[in-house]
Structure formats: C-alpha cells, structure tokens
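Student: Could you have a look at this structure, given as structure tokens, before my questions?
The values are calculated or read from the model by the stated rules, or taken from the named source; none is laboratory data. The structure displayed is predicted, hence computed values, not measured ones. Cβ atoms come from the backbone with ideal geometry, glycine included; neighbour counts cover every protein chain shown. For accessibility, only protein heavy atoms count, side chains too; no ligands or nucleic acids. Shrake-Rupley method; radii C 1.70, N 1.55, O 1.52, S 1.80 Å.
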Amino acid sequence: MQSPIQAYLEGLHSRLAGIRSGELASYIPELTKADPAWFGICLVTMDGTVYSTGDTDEIFTIQSISKAFVYGTALADRGLDFVSRKVGVEPSGDAFNSISLDPQTGAPINPMINAGAIATTSMVSGESPEAQWARIEDSISTFVGRKVNIDESVYRSESATGFRNRAIAWMLKNFGIIDGEPMASLENYFRQCSIEVNCRDLGFMAATLANGGVHPLTGKRALPAEHVERVLSVMATCGMYDYAGSWLYEIGLPAKSGVGGGIIAVLPGRFGIAIFSPLLDEKGNSVRGIEACKHLSRDFNLHVFTPAGDPRMTLGRLYTGADAPSRRQTTGDTRAWLSANAHRIKYLCLHGFLGVDGIEYVIRRMIELAAETHSFILDMNQVDGMSESAATLLHQARLGLMDDGIAVVCSRIRDGSPVKERLRKTTRSGDRGVLHFEDNDLAVEWCENRLIGEASCSAMAHRPLADSLLFAGMPEPLMKKVHAVAYPQQFAAGAQILKVGEACDGRVYFIESGQISVLVPTEDGKHQRISSLGPGMNFGEMVLLGQKTRTATVYADSDVRCSVLEVRDFDRISAATPEFRSVILENLARDLADKLRRSTQCVSALA
C-alpha cells in the first residue's frame, strides 16, 4: 500500500510543477545551465524514513544553504562567545549579498548574509586554509551521510565572478573579523557553496537538525545539541533574507534557501523538508519551493508555534485479537478458526492530539504490520483531538488498506470528542466513512466475523441441539430423551428475550442459529455487553443452579432460532438417570472455568 504522505507529496508535486514564473540565477554563469523544469520534494523523518517525489536525485550545488551548517561548525569549533563577538544574529531585512555590518564593530549582522557566512567560514578550526576546508568538507559530509564533492566548474565560476564578495572579505579583514589571509577564507566559502547535493541529501541534512544534530540513518552526531537550537533560531529569523519575516509568519519553520534552487525547512523533533526547483523569485528563493512549503505548512499544521509532541507517543499499546478476543462464545470449527487466526486482528491504542506527524507514524506502523493483519482496531479512548489533515491521511490509509483486503475500524471515541465529527467532515464523497464502535468488544467481534467469513464458516450457521456445549459427551440415549422434550422458539432481530431482574421462567435456551447479546446494567444507568453468543451456545442455564431472577438482559442481534428446555424436564431426566445431571454439571463447570480464563487473559492484555 502506498503511504498517504507519499500520495500527498506526489499530488502536491503534480499541482505545482506547472508553475513557470521565476528566473534562473544568472550572477553565477554556471547556474544558468540548470533545467527550469527540475522540481523535487523530499521529507525525511527522525528515524530516517524518506518520502520523495520528482527530481530528488538530480545533482545541483548547495549554495547558501551551506551557511547554516558552516555556522554550526564554527560554533562547535570556537564556541558561542568567540563566534558571537565576530558575527551577530539580528535579522537584516536585506538581500543575501548585502553589506550589513555593525557600525561600531564592523561585525556582520548575521551569519546568513554573505558577509556573515564568509566570516564564519574563516572561523572553523584548522591551522591552514586547507585544514579548514577539510573540516568543512567533513562536517557537511556528516550532515549529508556520505562524503561530498565539489562541482569544480561552479566553483571556478563563482571564484571568477565574485568581485562583491572579495570586497566584503577585505572589509571584514579591515575590521579584524577575519584573521589571516581573507582571500583564502573566501575561496573556502566559494568551495562550500559549490558542494554537490541532491534533494534527498538536503532532506537528511534538515532531518539531522530536526533530530537534535544526529543523522537519522548513520547515527553520527553532526553538531552538538546545544548548538542546534542556535542554528535553527538564526534560520528562523534570517534564513530567507528579506523574505524571512513573511516566511516565519506564513510558514513558520526554520529554513534556509540557496540560489541553486534548494530550500530546507526543519520541524524540530519531527522531520526535515527539502525542495529543489531552480526558478527563483526576485529575492533569490525558489518559487516552487516556497509554494510547496506553504502547502505543507498549511495542510499539515506544521507551524513551529503550533504545539506538538513526539509523534511516537501517539501510539501506545499494540496487541492482538488473540490477547483480547471478544466475549463471543463459539464452538467447533468456528472456535478453532478464531483461535488460529485471532492474532491477525491488531489493536492500536492511540493517545493525545493526533497531528500529521503522529498519524504518519501510526500509518507507517500499520503498513509494516499489514502483511500479517486482517483488521486493525484503532482504540481512540485516550485521544483528545485530531487535525483535519491527520483525519484526511487516516481516511486515505484506510481506503488503501481496504484495497488490500484489510479493514480499519475505530473504537471507544469519547462522548463529546471532536474526533468523530472531524472524521465525518473529512470523508470523501462516495466513501461510507470509518466504522466506529462504542467499545472494543463490539469492534473485535466485528473483526472476528470478517475472519469467520473468510473461512466460509458463518457465525449464523445452524448448530443442532446435540452440538451445544452443555451436552458435550452426552450418551445418545439420553440425547434422545432431551430431543423428546425440547421445543423450538424463534425471536426476531432486535427482540428482547430476557430482562434483568425479572423472575426466572425455568427455561434454558440453546441457540441453533442466529446471534444474541448478553448485557448487564452499569452504575451510570447504561448497559455493558458482557457476551455475544451464537449457534451451539446456551443462555439462561444458571436456573439449573437455583437462580431465581435473571441477572442479565438478552437481545437478539439477528433472527434467532432456539431449542428450549424446561428445568422440570432436566429434573425428570436426572431423577431417572443420574448420569445426565453429572454430565450437565461437569460441562457447566468447564464452561464457567473457560469464561474465567478468557476474562483473565483479556485483563492481562489490557493491564
């Protein structure tokens, strides 16, 4: 099954691919060779799962996106105090190549403009420019997850035409911001901007920042955790240059763009996003990239100021129908089939507010379990709410799993919870919507019915009186006596057969076909179903032990046919043949013990 996240990205790519506005970067001649149609989108989670579409393997140069990572490297090498004395962190509101320096100290306003980036490049550790470059190359490689290379033609093009940057470097030297030969540091800056990446590489770089500085796949730390928040803070306020304020207001993610057409965006603690499209707007940002990020932020509620937790906390306990079967009592082939296949019913207990990242994690786990699953039960008892985007993704996943023959149902949605309405509103036209049950017992019984139907042994199949559990092992001559006094009785679907508190009528009912539910009253005035019985099962048998009033209410879930025996007939046969009573009492004790065992098993699974 295709992930709904993947399907969303593919749809978004298709909608935005037709955008033709913007121009290729021309101040670096080599960048004009890019194909304007290139467009890729990549999302990488904290555990390294990749969703991508479009030209995500196309190689291009990282350009100014490198600034954020070299700034982090300088912080790691020199420390906050040293770096902050030479480069500020204030938004400039100016273009990327502006000469924005503190009038008193000559320090660049922030590390995202060219002046600040050239300064931070000069600060990474190394006894020589060559050693500093080796350090930059190693640091970027750790963020990417592989050794990186330089596009020599782009590097030569930048070096040959970077006159403004040369002026900036000499100005920094004049103010004592750069120590040593400024042109050597500038050449390293040109090199770092000429590093070759693809959209997936940028996705992993962004995800590494989202993951607190640790690469999601390699597990290597690329940046000390205490510096990650500083890098993200500067990205949030300065990463998009003179569009930074509007970006933070509208999209709300720490981000960095480059004139090569790349944009990275980071949702801390959740995932990284990368977009590649070389057509740029007048501010030097990717046109399609900005539009893609607007859609992602709006559709998935990704704004950094929207409260969110660890998506892995969305999913709590996971157990199977074998651990917690329904209260249904079955016999023969049906019992054997359910016993062998109940593990194919999976309960997933969800928690908290369900956002896009949380539901993405749940869907991913469902896809992983799909090969050995027949039905999923999403227990919503601890869910506080759900975003519209999360509900849409859940519907898409449900329909995709349905195509593979796997059902997804919900249970225990709390009264007054907005989840039910959210699911209803996001149901597509023509879709009957998600099936939800008031408790897990009803949900798992529905799932068991699907399993039974798969085996072609319907829960409504006919079972003769002799197949009843109460008559197991009964000698044939005694069964003939039972058949002689038993009489049939039928109940329409929905009929109340017994009522709690009423006087016992001295009858025991043996189900031959159909399904009934046994309910007991609860303290809040409602009823709780405690059992579901089908063919071969019996109810009302406690009168055989002297019960005077009914302790439960019984309804017919479908049209029901029973054989009925009077207590006086039991007593008459038992008086004539004591063996009859012994068999009945032994089977009754065995049945009660089995019910106790099943209840204990269910409690253990839920504990």
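Student: Under the condition of being among the aromatic types (Phe, Trp, Tyr) and over 25 Å from PHE143 (Cα atoms), which residue from the stretch 274-316 is surrounded by the most Cβ atoms within 10 Å (Cβ to Cβ)?
Tutor: PHE300
Student: Here is a follow-up. I'd like the residue in the stretch 322-334 that is at pLDDT 80 or above and not hydroxyl-bearing (Ser, Thr, Tyr) and, out of all such residues, is most open to solvent (accessible area, probe 1.4 Å).
Tutor: ASP323
Student: Kindly list the number of the only condition in (1) surrounded by fewer than 20 Cβ atoms within 10 Å (Cβ to Cβ); (2) modelled with pLDDT under 90; (3) among the aromatic types (Phe, Trp, Tyr) that fails for TYR319.
Tutor: All conditions are met except number (2).
Student: Give ARG191, ARG230, ARG200 a once-over and let me know the one that is assigned to a helix (DSSP H, G or I) and farther than 22 Å from ILE59 by Cβ.
Tutor: ARG230
Student: Restricting the search to the stretch 29-79, which residues are crowded, with 20+ Cβ neighbours inside 10 Å and among the basic types (Lys, Arg)?
Tutor: If the condition is that a residue be crowded, with 20+ Cβ neighbours inside 10 Å and among the basic types (Lys, Arg), then LYS67 is the only one that fits.
Student: Right, something else. Can you find, within the stretch 399-415, the residue that is modelled with the highest pLDDT among those that are among the small types (Gly, Ala, Ser) and crowded, with 17+ Cβ neighbours inside 10 Å?
Tutor: Looking at the filtered set, the residue picked out is SER411.
Student: Before we move on, is TYR243 assigned to a helix (DSSP H, G or I), free of Cβ contacts under 8 Å to residues at least 60 places away in the same chain and in contact with a Lys or Arg (Cβ under 7 Å, 6 or more places away or on another chain)?
Tutor: So TYR243 passes the test.
Student: Identify all residues within the stretch 456-473 that are open to solvent by 40 Å² or more (accessible area, probe 1.4 Å) and modelled with pLDDT of 65 or more; write none if there are none.
Tutor: Of everything in the stretch 456-473, those that are open to solvent by 40 Å² or more (accessible area, probe 1.4 Å) and modelled with pLDDT of 65 or more turn out to be ALA461, HIS462, ARG463, PRO464, ALA466, ASP467, LEU469, ALA472, GLY473.
Student: Does any residue in the stretch 527-539 that is under 9 Å from ILE516 (Cα atoms) and touching a residue at least 12 places away in the same chain (Cβ under 8 Å) come within less than 9 Å, Cβ to Cβ, of a residue that is open to solvent by less than 10 Å² (accessible area, probe 1.4 Å) and among the aliphatic types (A, V, I, L, M) six or more places away or on a different chain, and which pairs are these?
Tutor: Pairs found: SER531/ILE516; SER531/MET537; SER532/ILE516; LEU533/ILE511; LEU533/ILE516; LEU533/VAL554; GLY534/ILE511; GLY534/ILE516.
Student: Take the residues of the stretch 535-558 that are loosely packed, with under 14 Cβ neighbours inside 10 Å and not in a loop (DSSP other than H, G, I, E, B): which is modelled with the highest pLDDT?
Tutor: Top of the filtered list is THR549.
Student: Within the set of pairs 6 or more residues apart or between chains, which connect a residue that is farther than 25 Å from GLY534 by Cβ inside the stretch 470-481 to a residue that is among the acidic types (Asp, Glu) and assigned to a helix (DSSP H, G or I) with Cβ atoms less than 8 Å apart?
Tutor: Taking only residues 6 or more apart or on different chains, the pairs are PRO475/GLU579.
Student: What about ALA206, is it in a helix (DSSP H, G or I), under 20 Å from HIS295 (Cβ atoms), at pLDDT 95 or above and of a type outside the set (Lys, Arg)?
Tutor: yes
Student: So which of ALA397, ALA370 is in contact (Cβ under 8 Å) with a residue 24 or more places away in the chain, closer than 25 Å to GLU445 by Cα and in contact with an Asp or Glu (Cβ under 7 Å, 6 or more places away or on another chain)?
Tutor: ALA370
Student: So, restricting to helices (runs of 4 or more DSSP H) that lie completely within the stretch 110-178, which ones have at least 1 residues that are open to solvent by 20 Å² or more (accessible area, probe 1.4 Å) and among the charged types (D, E, K, R)?
Tutor: Helices (runs of 4 or more DSSP H) meeting the threshold: 129-144, 152-161, 163-174.
Student: Keeping to the stretch 260-284, report how many residues are closer than 17 Å to PHE60 by Cβ and modelled with pLDDT of 95 or more.
Tutor: Counting residues in the stretch 260-284 that are closer than 17 Å to PHE60 by Cβ and modelled with pLDDT of 95 or more gives 13.
Student: Going through the stretch 464-499 one residue at a time, which ones are more than 21 Å from ASP591 (Cα to Cα) and touching a Leu at 6+ places or on another chain (Cβ under 8 Å)?
Tutor: Hits for the stretch 464-499 are HIS483, VAL485, ALA486.
Student: Out of everything in the stretch 225-241 that is surrounded by fewer than 20 Cβ atoms within 10 Å (Cβ to Cβ) and touching a Gly at 6+ places or on another chain (Cβ under 8 Å), what residue ends up being nearest to VAL87 (Cα to Cα)?
Tutor: ARG230
Student: What about ARG191, is it in contact with a Phe, Trp or Tyr (Cβ under 7 Å, 6 or more places away or on another chain), within 27 Å of MET240 (Cβ to Cβ), of a type outside the set (Ser, Thr, Tyr) and open to solvent by 30 Å² or more (accessible area, probe 1.4 Å)?
Tutor: The answer is yes for ARG191.
Student: Going residue by residue through the stretch 1-14, is there one that turns out to be over 23 Å from the mean Cα position of the chain (by Cα), at pLDDT 95 or above and surrounded by fewer than 17 Cβ atoms within 10 Å (Cβ to Cβ)?
Tutor: So far as the stretch 1-14 goes, yes, one or more of its residues are over 23 Å from the mean Cα position of the chain (by Cα), at pLDDT 95 or above and surrounded by fewer than 17 Cβ atoms within 10 Å (Cβ to Cβ).
Student: Please find, within the stretch 559-590, the residue that is modelled with the highest pLDDT out of those that are among the basic types (Lys, Arg) and within 19 Å of MET537 (Cα to Cα).
Tutor: ARG561
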